[in-house]
Structures are given as C-alpha cells and as structure tokens.
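A short worksheet on the structure shown next.
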Amino acid sequence: MSNPTDNLRKIRGSIPDHVTIVAVSKTVDPERIMELYNSGQRAFGENRAQELITKQPRLPGDIEWHFIGHLQTNKVKNIIPFVHMIQSVDSLKLLAEINRQAEKHGRTIDCLLQFHIATEETKFGLDWEEAQFLLKPENSAEMTHVRFRGVMGMATFTEDTTRVHREFRSLKEIFGRLKNTRFRDHDEFSVISMGMTSDYLIAIEEGSTMIRIGTAIFG
Ligand SMILES: *Cc1c(COP(=O)(O)O)cnc(C)c1O
C-alpha cells in the first residue's frame, strides 16, 4: 500500500472513466508528489494556502492545483497566479476577493461552491439560502473573473453508510437545482466534487464526478 503510483492505478481501475481523481497531497513532500506526477497524474489538491505557496514553486508548472480547504481572503492573492480550481468557495466575500485578484492577474478562476451537507458542525460550507444570496445577479453576475464549475461537499465521517449516502444525495440534488435554474445554459457547470478515501465509492454511486483522495494514495 505504500507506492502512490500503484495505489492510484488501482483506484483508477475500479471507478468509471468520467470520474476525475484529485490526488490530495497535503503533508506530502514534493519528492513523493513527483513520483505520482511522473506516472502522469496532474491534478493535485491542497488544503492550506501556506503549504501550497511553499510547494508550488518546487514542482512542475503544469500541475493543476486544486485548493480544497477553508480559504481566508487575505491568502487569496498568493495562490491566484497559479491555482487551477478553488473548490471551497463558501462566502460572497471570498468570491469577491477571488474575482478581484484574478482580474489583477488577467486570469479567470474555476470555482466550486462548497455546501455544508454533513451534520457535523465543524465542516465549512454554504446552505441553500446562502448560495442563493451569493448567486443573486446583483451580487455576482458582474464577477467576470470567476467561472462557476459546480459544487463540492464533505459527508459526515461515520460508519453509518445510509447517512453518508443521504448526504451525498443531497449535494447531487443541490447541483441539479442550480443546474436547472441559474446555470441552465452553462455547460461548464458540470462538476460534483464529493468523495474521499473513506467514502468515494458511495459518492460515485450518488453521482460524484470528482473525488479527492489522499490517504488511499499516499498512505
Ligand atoms: C484531506 C482532504 C481530502 C482527502 O482525504 P483522505 O481521507 O485522505 O482521502 C479530501 N477533501 C478535503 C477537503 C480534504 O481536506
């Protein structure tokens, strides 16, 4: 179980082709990230801005960095020059700062809206009303440097698989409601990022298109 390349290959072989795997490399050093890079993996995920800022210059420029952790607005400017996707948009204030910094750098940043689907209080994310507020035309329609690509969420960490199924299903439903309304004519709004080491098979059953895997790859 200690070879990341073999671990990734096994996971890849056991899931549908349309599901993207983001290799979560938090706490993993650049040398081990390079092993996986050399086997062809390009999508990597980090959850701390400072760690990402330190690692990124030491690794190849064509890595697609996914930011998956809670992001403070004062850290946004440091990751905007290179980040591929910010999966953890959970406030209008954060979105506005991403847009502002992206404009400065002449970039448009792919974003996911993070929803709070777990019953655990500790997890971040929007609820439906907060998302509706953020998506109001007067709040975000003029943010031309962010591109809404879909939704992200984390289920409760529990053995109760029925509950995990239910939480992932609720994110799929949220995605569907957004897709049928605000994003009806937006083909790029297509990502449902859900599923980690302990629950990615359940997430895929419930419609995940992107899983974020750390432990099952890097140990
Ligand atoms: C750490 C982390 C993951 C990966 O977790 P594993 O259980 O190690 O696969 C996925 N998503 C987020 C947001 C994380 O912080």
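The values are calculated or read from the model by the stated rules, or taken from the named source; none is laboratory data. Everything quoted here is computed from the prediction, not taken from an experiment. Glycine also receives a Cβ, built like all others from the backbone with ideal geometry; neighbour counts cover every protein chain displayed. Keep in mind that these areas ignore ligands, DNA and RNA; they rest on the heavy atoms of the full protein, side chains included. Shrake-Rupley method; radii C 1.70, N 1.55, O 1.52, S 1.80 Å.
For His66, state whether it is open to solvent by less than 10 Å² (accessible area, probe 1.4 Å), touching a residue at least 24 places away in the same chain (Cβ under 8 Å) and not aliphatic (A, V, I, L, M). Considered against the rule, which asks whether it is open to solvent by less than 10 Å² (accessible area, probe 1.4 Å), touching a residue at least 24 places away in the same chain (Cβ under 8 Å) and not aliphatic (A, V, I, L, M), His66 comes out as yes. Give the residues of region 188-202 that are over 14 Å from the mean Cα position of the chain (by Cα) and open to solvent by less than 30 Å² (accessible area, probe 1.4 Å), sorted by residue number. Matches in region 188-202: Asp199, Ile202. Of all residues in region 191-203, those satisfying the criterion of being touching a strand residue (DSSP E or B) at 6+ places or on another chain (Cβ under 7 Å) and away from the ligand (no atom under 12 Å from the Cβ) are Val191, Ile192. So, in region 144-187, of the ones that are in a loop (DSSP other than H, G, I, E, B) and open to solvent by less than 30 Å² (accessible area, probe 1.4 Å), which residue ends up nearest to Lys104 (Cα to Cα)? This residue is Phe183. So is Ala203 modelled with pLDDT of 95 or more, at negative phi and not in a helix (DSSP H, G or I) or not? Spelling it out, it is not the case that Ala203 is modelled with pLDDT of 95 or more, at negative phi and not in a helix (DSSP H, G or I). Here region 9-26 is the region considered, the condition is being open to solvent by 80 Å² or more (accessible area, probe 1.4 Å) and away from the ligand (no atom under 16 Å from the Cβ), and the residue that is farthest from the chain's Cα centre (by Cα) is Arg9. If we scan region 122-140, do we find a residue that is hydrophobic (A, V, I, L, M, F, W, C), in a helix (DSSP H, G or I), more than 16 Å from the ligand (Cβ to nearest atom) and open to solvent by 70 Å² or more (accessible area, probe 1.4 Å)? Taking every residue of region 122-140 in turn, at least one turns out to be hydrophobic (A, V, I, L, M, F, W, C), in a helix (DSSP H, G or I), more than 16 Å from the ligand (Cβ to nearest atom) and open to solvent by 70 Å² or more (accessible area, probe 1.4 Å).
Quick grid of which residues meet (1) within 14 Å of the ligand (Cβ to nearest atom); (2) touching a strand residue (DSSP E or B) at 6+ places or on another chain (Cβ under 8 Å); (3) open to solvent by 70 Å² or more (accessible area, probe 1.4 Å); (4) not in a loop (DSSP other than H, G, I, E, B):
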| site | (1), (2), (3), (4) |
| --- | --- |
| Asn7 | yes, no, no, yes |
| Val28 | yes, no, no, no |
| Leu52 | yes, yes, no, yes |
| Pro57 | no, no, yes, yes |
| Gly61 | no, no, yes, no |
| Lys75 | no, no, no, yes |
| Lys93 | no, no, yes, yes |
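Whenever a residue of region 17-44 is more than 16 Å from Gly214 (Cβ to Cβ) and free of Cβ contacts under 8 Å to residues at least 40 places away in the same chain, its partners that are away from the ligand (no atom under 16 Å from the Cβ) and of a type in the set (A, V, I, L, M), lying with C-beta atoms within less than 8 angstrom and at least six residues away or across chains, give the pairs Met34/Leu59; Arg42/Ile63. The set of residues in region 207-219 that are open to solvent by less than 30 Å² (accessible area, probe 1.4 Å) and either near the ligand (Cβ under 10 Å from one of its atoms) or more than 14 Å from the chain's Cα centre (by Cα) (or both) comprises Gly207, Ile211, Arg212, Ile213, Gly214, Ala216, Ile217, Phe218.
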